[in-house]
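Undergrad: Handing you this structure, nothing more for now.
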Amino acid sequence: MAGSDDHASPFGPLMAELARMRKSNLTSAIEDVDQIIELLTAAREKVAAGQTILHFIPKPDTHRIGMAMTTLQNPVKARFEAITQDLKEVTKAQKGFGKALDKAIPHRELPMESDAMTEYPALINRAIAMHLLREGQFSVASTFLHESTRDLPSPSETHASPHTDEDGDDDMDDDEDPYTAEMQALHSADLQDKFSEMYSILSQLKDRNLVAAIEWARVNNAQLDAKGSTLEFELSKLQFVWLFKGSSINGLPDDSRNGQRGALAYARAHFARFQARHLREIQQLCAAMVYSPNLTTSPYRHIFEIDSAFEDVAMSFTREFCSLLGLSAESPLYMAVTAGSIALPRLMKYTTYMREKKTEWTTDHELAFETPLPESMIYHPIFVCPVSKEQTTQDNPAMMLSCGHVICRESLHNITKAARYKCPYCPTEGQLKDAIKIKF
């Protein structure tokens, strides 16, 4: 079934054209240009050599110069023709991708009664501004914020009806407008400084330098601990392993602060504060030093396999950094656009079909079909009540009974009599007040 769905997907030809466009890049053209430069350089050296001879012999050596120019003609012409052909392939691939894109996502209006997003310009502006800030595009974000707050009305002006006093004055003060205040907060130099700091630390992590990230985690240790984060220890653990591998791997100076001696000194200086939560891992790290002559066959080999460790801690750092700012690790705008692009073809097909059949889907906040999304975009697992066979919603959440079984709130109320219930799946009885709301 999965194979047939993939084959029937409108994105199949699009992905094929995308792969072709990536393959038809400018690498060949650049190589041909480099060859032309080499040919011209070699010819210039031959001509220069002929001109040098002219100064030292009675008769000019014009024959050598002429031969150099004649020999140059055909290779240069061939390389120019190759460049033209390379550019034709690139252009052809780009046109093919454009046609496939138009076919997969036609340029036509969605068959909807209205554009729901036009009612929320403030939220759209905030999402765009936050995305630009998160991407480090501070100057662009500043310009966007200035123009959006200058040209676009706030929701209070477009939707809310200002309350008027008896004297005719509006109660709502511009200074109290939450939209304006929030957008002005995005102008904050402090917020930009924080994102600038994040990108600076990420840049150092990319270069496999953990010092700045560890220092940030130490400064924000109280907040991270309150969230149950283990980021500081994970960074310190990776620093230990990185030092343990020595200068031949980490490229650091070969002194007492590097290698096994440096790793042991680092553990003594920094691991004591992590013993309460990570004693077993610390013991494993220290015990691994005994196996250092043949670490690849030791029980601790997996600890020192760090091919993707720096990428992993970079993701963890980004997630925790954004969390302390009250933000998600991924840009909501990026996630929304990506998920929407995946769902768009099915949505267009479904809405067109519903219009032709002159019917409609009446359930609010729920699609009539499932949209397959990658695992990275699935945040809230779906729970289906085993009693009602319906999915839980915000108004009908999952409830855990005292016995541990979980059903939806409506089902719980249906089986409750006089504030007591009997679990539909075991003999346990309980009181309604003891049921706990589950948050996924």
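The values are calculated or read from the model by the stated rules, or taken from the named source; none is laboratory data. On a predicted model such as this, the values are computed, not experimentally measured, just so you know. Cβ coordinates were reconstructed from backbone atoms using ideal geometry, including for glycine residues, and neighbour counts include every protein chain displayed. Surface accessibility is based on the protein's heavy atoms, side chains included, excluding ligands, DNA and RNA. Shrake-Rupley method; radii C 1.70, N 1.55, O 1.52, S 1.80 Å.
Undergrad: In region 201-228, which residues are at positive phi and either buried (at least 16 other Cβ atoms within 10 Å of the Cβ) or at pLDDT below 90 (or both)?
TA: G228
Undergrad: Please go through region 282-340 and pick out each residue that is part of a loop (DSSP other than H, G, I, E, B), under 29 Å from K245 (Cβ atoms) and open to solvent by 90 Å² or more (accessible area, probe 1.4 Å).
TA: The answer is E305, D307.
Undergrad: To continue, here is another question. Cβ-Cβ distance below 7 Å, separation of 6 or more or different chains: which pairs start in region 102-130 with a residue that is closer than 20 Å to L327 by Cα and end on one that is at pLDDT 65 or above and of a type in the set (S, T, N, Q)?
TA: Cβ pairs passing all conditions: N125/S148.
Undergrad: Having 2 or more residues that are open to solvent by less than 50 Å² (accessible area, probe 1.4 Å), in contact with a Leu (Cβ under 8 Å, 6 or more places away or on another chain) and not aromatic (F, W, Y) is the bar; report the helices (runs of 4 or more DSSP H) wholly within region 229-277 that clear it.
TA: Qualifying helices (runs of 4 or more DSSP H): 231-244, 259-270.
Undergrad: Search region 352-370 for residues being modelled with pLDDT of 75 or more and among the hydroxyl-bearing types (S, T, Y), and hand back the single one that is most open to solvent (accessible area, probe 1.4 Å).
TA: If we take residues in region 352-370 being modelled with pLDDT of 75 or more and among the hydroxyl-bearing types (S, T, Y), then Y353 is most open to solvent (accessible area, probe 1.4 Å).
Undergrad: Quick one: which strands (runs of 3 or more DSSP E) lie wholly within region 377-440 and hold at least 2 residues that are over 30 Å from S328 (Cα atoms) and either at pLDDT 85 or above or open to solvent by 60 Å² or more (accessible area, probe 1.4 Å) (or both)?
TA: 420-422, 429-431
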